[in-house]
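The next block holds one structure in the form of structure tokens; read it before the comments.
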Amino acid sequence: MAQEKEAAANHHGFPWKHVIGFVLSIVLTLLAVWVMSQTNLAWDVRIIIVFVFAFIQMTVQLHMFMHIGEGKAGYVQIGHTWFAIIIAVIIVIGSYLVLRTGHI
């Protein structure tokens, strides 16, 4: 009887969360490619749109695949991740501005 309960507890069924995350990641990637290759928007607008898609995709992957926020220390993981995101945004935007204004 105990073995049946343990087997039932370890059986999770079909991984719908992973399939949805994978499909969303593919769709976001294809949208970014479409925006860059098929639209006539200004270059800066296209870059901003691609960055928005990238951050949405990062969030999807962190929640769907990396299971961030789950467990006892989930809020600590989320805090550390937000700190890393802020640092990454500062570095990316700073690098873009330096390269864009020609201060090499």
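Points to keep in mind about this one:
- Every pair of residues 6+ apart whose Cβ atoms lie under 8 Å, when the first sits in segment 1-28 and is within 14 Å of T59 (Cα to Cα) while the second is open to solvent by 70 Å² or more (accessible area, probe 1.4 Å) and modelled with pLDDT of 90 or more: L28/I56
- Qualifying residue in segment 55-71 (condition: more than 16 Å from S25 (Cβ to Cβ), open to solvent by 60 Å² or more (accessible area, probe 1.4 Å) and out of contact with any Pro (no Cβ under 7 Å at 6 or more places or on another chain)): yes
- Those residues of segment 37-54 which are closer than 27 Å to I20 by Cβ and touching a residue at least 12 places away in the same chain (Cβ under 8 Å), in sequence order: I49, V50, F51, F53, A54
- Out of V92, V76, V98, sole residue that is in a helix (DSSP H, G or I) and farther than 27 Å from I47 by Cα: V76
- Matching residues, segment 37-47, being out of contact with any helix residue (DSSP H, G or I) (no Cβ under 6 Å at 6 or more places or on another chain) and surrounded by 11 or more Cβ atoms within 10 Å (Cβ to Cβ): T39, L41, V45, I47
The values are calculated or read from the model by the stated rules, or taken from the named source; none is laboratory data. All values derive from a computational prediction rather than experimental measurement. Neighbour counts are summed over all protein chains in view; Cβ atoms, including those assigned to glycine, are modelled from backbone coordinates with ideal geometry. Keep in mind that these areas ignore ligands, DNA and RNA; they rest on the heavy atoms of the full protein, side chains included. Shrake-Rupley method; radii C 1.70, N 1.55, O 1.52, S 1.80 Å.
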